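Report on one structure; see the data block that follows.
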Amino acid sequence: MLIEIIGIGAPNKGAELMLVSVMEQIKKHIPTAKFVLEPYTQFEHRAKYQCLQKAWFTYKGFQVGNVFKLVPKPIRKKFGIVLDEEVDVVLDASGFAYGDQWGRKKANDRLGRYIVNWKKQGKKIILLPQAFGPFSTHNFKNEMRIIIQHADKVFCRDEMSFHFMDDITPNVVEQSPDFTNLCTSYLPLTLAERTFDVCIIPNSKMIDMTSKDVGFNYIESLVDGINYLQHNGRTPFFLLHEGKSDKALFEKLNTKLKQPLEIIELDDPQHIKGVIGVSKLVISSRFHGLVSALSQGVPCIASGWSHKYKMLMRDYHCEHLMIGADETLNDKLSFMLDKGNYLSIQQVISISSEKQKKLTQAMWQSIFLLIDSR
């Protein structure tokens with residue numbers, strides 16, 4: 001069985017963690033499954049996970065991947081090239097790609113212009129749990145309606161996303177948590193003997209996707225918070241969760257700190273989740289940094305640029321640890337550094353984590369029933 005996973009973008013480690021999570025669950029149920037990725041990332045990324053590559057690319061707005069039909073199948077097989085028509089299942093693991101922030105064109109380019117034909121080919125098409133919306137234009141809503149009506153399953157990751165999608169096509173979409181909560185994690189041998197205190201995962205999008213004032217306040221709040229932690233005897237460190245833009249932000253923050261922080265940079269997303277899992281406290285503006293903390297029972301403080309962050313914290317009954325527009329990181333740290341508050345939050349998160357994992361397991365079971373029925 002050939003299973004295509006779309007929406008995975010390197011070097012985002014959250015996206016890579018989604019890829020690993022999908023492969024991990026499917027291999028348990030379908031050991032012989034082979035995975036296919038579009039050639040929009042570097043070849044090394046696909047080779048790392050032994051993924052085949054789809055003959056799929058656009059030229060001046062036209063899909064020209066079908067020219068590979070002229071290449072005999074034995075030759076294509078030697079090069080690991082798969083035709084669109086050979087794919088059995090399409091899993092969309094975009095995370096957050098369909099909404100006003102990204103525009104209608106992205107939805108059309110990724111799914112809308114192909115999904116009707118995919119359905120005719122007999123593919124099973126599943127949109128894995130992700131954030132959606134809002135959709136402010138009539139044309140955008142129509143685009144999403146086509147996608148919803150032709151997909152076999154559509155999972156929204158949170159209540160707000162569910163309402164955005166259900167408003168377009170009622171009683172079709174389902175809700176399920178982010179599926180990386182089941183992904184295994186482990187520390188690399190080089191870090192196995194270390195202890196980790198306060199893990200800080202800033203996000204350059206907090207500057208790029210917000211107003212100038214919000215971006216400035218974000219940096220100042222982080223600097224003040226780190227100084228506060230160090231003054232109280234804690235040992236914070238930066239953990240890289242994406243590529244160059246986040247690292248540049250870390251370096252900028254370090255120039256503003258009295259005591260610059262260590263930057264931990266790991267290639268394997270399961271190692272990153274492993275470091276998060278053994279940290280005492282996590283401060284994150286990266287969505288999957290938060291999921292990796294919450295799913296492992298690690299208390300965390302969140303800030304974010306879209307509704308998905310607030311909805312996630314609500315799922316774990318700790319939305320009060322989301323930094324509001326009129327709040328600072330220090331406001332939350334003064335609460336979390338109290339031992340009683342910390343232990344109480346830790347217990348609430350651990351209980352919520354088990355519930356969220358059961359919901360994800362149920363989601364996968366429904367997907368396997370669908371795939372097995374083809």
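Close contacts from the range 348-374, counting a first residue that is more than 14 Å from Tyr316 (Cβ to Cβ) and a second that is assigned to a helix (DSSP H, G or I), with Cβ to Cβ under 6 Å and a gap of 6+ residues or different chains, come to Trp364/Gln25; Phe368/His29.
Please name all residue pairs, on different chains or six or more residues apart, with Cβ atoms under 9 Å, provided the first residue is in the range 12-39 and is under 17 Å from Thr360 (Cα atoms) and the second residue is among the acidic types (Asp, Glu) and surrounded by fewer than 18 Cβ atoms within 10 Å (Cβ to Cβ). The qualifying pairs are Val20/Asp268; His29/Asp372. When Ile81, Ile75, Ile6, Ile30 are checked against the criterion of being within 26 Å of Leu240 (Cα to Cα) and either more than 26 Å from the chain's Cα centre (by Cα) or among the β-branched types (Val, Ile, Thr) (or both), a single residue qualifies: Ile6. Of all the numbered requirements in (1) at pLDDT below 95; (2) touching a helix residue (DSSP H, G or I) at 6+ places or on another chain (Cβ under 8 Å), Met363 misses one, and that requirement is (1). Would you confirm whether any residue within the range 24-40 is surrounded by fewer than 18 Cβ atoms within 10 Å (Cβ to Cβ), hydrophobic (A, V, I, L, M, F, W, C), touching a Pro at 6+ places or on another chain (Cβ under 7 Å) and not in a strand (DSSP E or B)? No: zero hits.
Within the set Asp84, Asp92, Asp152, the sole residue that is surrounded by fewer than 18 Cβ atoms within 10 Å (Cβ to Cβ) and not aromatic (Phe, Trp, Tyr) turns out to be Asp152.
On the stretch given as the range 285-312, residues that are within 18 Å of Gly215 (Cα to Cα) and either in the same structural domain as Glu159 (by TED's automatic domain parsing) or not in a helix (DSSP H, G or I) (or both) total 8.
Evaluate the range 60-69: report whether one residue or more is at pLDDT 95 or above and surrounded by 13 or more Cβ atoms within 10 Å (Cβ to Cβ).
Initially, the range 60-69 is screened for residues at pLDDT 95 or above, giving none.
No, the range 60-69 contains no residue that is at pLDDT 95 or above and surrounded by 13 or more Cβ atoms within 10 Å (Cβ to Cβ).
Applying the set (1) over 22 Å from the mean Cα position of the chain (by Cα); (2) at negative phi; (3) assigned to a loop (DSSP other than H, G, I, E, B); (4) surrounded by fewer than 20 Cβ atoms within 10 Å (Cβ to Cβ) to Pro134 leaves exactly one unmet item: (1). If the condition is being closer than 28 Å to Ile148 by Cβ and in a strand (DSSP E or B), then the range 53-91 contributes Lys54, Thr58, Phe62, Gln63, Val82, Val89, Val90, Leu91. For the range 335-344, state whether one or more residues are assigned to a loop (DSSP other than H, G, I, E, B), touching a strand residue (DSSP E or B) at 6+ places or on another chain (Cβ under 9 Å) and either on the phi < 0 side of the Ramachandran plot or surrounded by 14 or more Cβ atoms within 10 Å (Cβ to Cβ) (or both). Checking the range 335-344: at least one residue is assigned to a loop (DSSP other than H, G, I, E, B), touching a strand residue (DSSP E or B) at 6+ places or on another chain (Cβ under 9 Å) and either on the phi < 0 side of the Ramachandran plot or surrounded by 14 or more Cβ atoms within 10 Å (Cβ to Cβ) (or both).
Sort out which residues of the range 193-213 are part of a helix (DSSP H, G or I), out of contact with any helix residue (DSSP H, G or I) (no Cβ under 6 Å at 6 or more places or on another chain) and surrounded by 15 or more Cβ atoms within 10 Å (Cβ to Cβ), and write them in order of number.
Within the range 193-213, the first condition is being part of a helix (DSSP H, G or I), and the residues that meet it are 205-208, 212-213.
Now drop any that are not out of contact with any helix residue (DSSP H, G or I) (no Cβ under 6 Å at 6 or more places or on another chain), which leaves 205, 208, 212-213.
Once the filter is applied, which keeps residues that are part of a helix (DSSP H, G or I), out of contact with any helix residue (DSSP H, G or I) (no Cβ under 6 Å at 6 or more places or on another chain) and surrounded by 15 or more Cβ atoms within 10 Å (Cβ to Cβ), the range 193-213 yields only Lys205.
Taking the criterion of being of a type in the set (Lys, Arg), farther than 22 Å from Glu38 by Cα and modelled with pLDDT of 95 or more, would at least one residue in the range 142-151 satisfy it? Explain how you work it out, then say what you get.
Let us first name the residues in the range 142-151 that are of a type in the set (Lys, Arg), namely 145.
Those still in the list that are farther than 22 Å from Glu38 by Cα too: 145.
Filter again for modelled with pLDDT of 95 or more, leaving 145.
Looking through the range 142-151, at least one residue is of a type in the set (Lys, Arg), farther than 22 Å from Glu38 by Cα and modelled with pLDDT of 95 or more.
Only one residue in Lys280, Lys273 is of a type in the set (D, E, K, R), in a helix (DSSP H, G or I), touching a Cys at 6+ places or on another chain (Cβ under 9 Å) and more than 15 Å from Pro177 (Cβ to Cβ), so which one is that? Step through it out loud before you land on a result.
Details: Lys280 fails: in a helix (DSSP H, G or I).
Of Lys280, Lys273, the one residue that is of a type in the set (D, E, K, R), in a helix (DSSP H, G or I), touching a Cys at 6+ places or on another chain (Cβ under 9 Å) and more than 15 Å from Pro177 (Cβ to Cβ) is Lys273.
One line per residue, one yes/no per condition, for (1) among the charged types (D, E, K, R); (2) within 29 Å of Gln365 (Cα to Cα):
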{"position": "Gln101", "(1), (2)": "no, no"}
{"position": "Phe132", "(1), (2)": "no, yes"}
{"position": "Val173", "(1), (2)": "no, yes"}
{"position": "Leu182", "(1), (2)": "no, yes"}
{"position": "Arg194", "(1), (2)": "yes, no"}
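Set side by side, the residues Ser303, Ser366, Ser344, Ser353 differ, and just one is small (Gly, Ala, Ser) and farther than 21 Å from Gly95 by Cα, which is Ser344.
Condition check ((1) touching a Lys or Arg at 6+ places or on another chain (Cβ under 6 Å); (2) outside the structural domain of Trp56 (by TED's automatic domain parsing); (3) not aromatic (Phe, Trp, Tyr)) across all residues:
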{"residue": "Phe68", "(1), (2), (3)": "no, no, no"}
{"residue": "Val82", "(1), (2), (3)": "yes, no, yes"}
{"residue": "Leu111", "(1), (2), (3)": "no, no, yes"}
{"residue": "Gln130", "(1), (2), (3)": "yes, no, yes"}
{"residue": "Asn142", "(1), (2), (3)": "no, no, yes"}
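In the range 221-263, the residue that is nearest to Asp326 (Cα to Cα) out of those that are in a loop (DSSP other than H, G, I, E, B) and of a type in the set (Gly, Ala, Ser) is Gly233.
The values are calculated or read from the model by the stated rules, or taken from the named source; none is laboratory data. These numbers were taken from a predicted model, which means no experiment stands behind them. All Cβ positions, glycine included, derive from the backbone under ideal geometry; neighbour counts span all protein chains shown.
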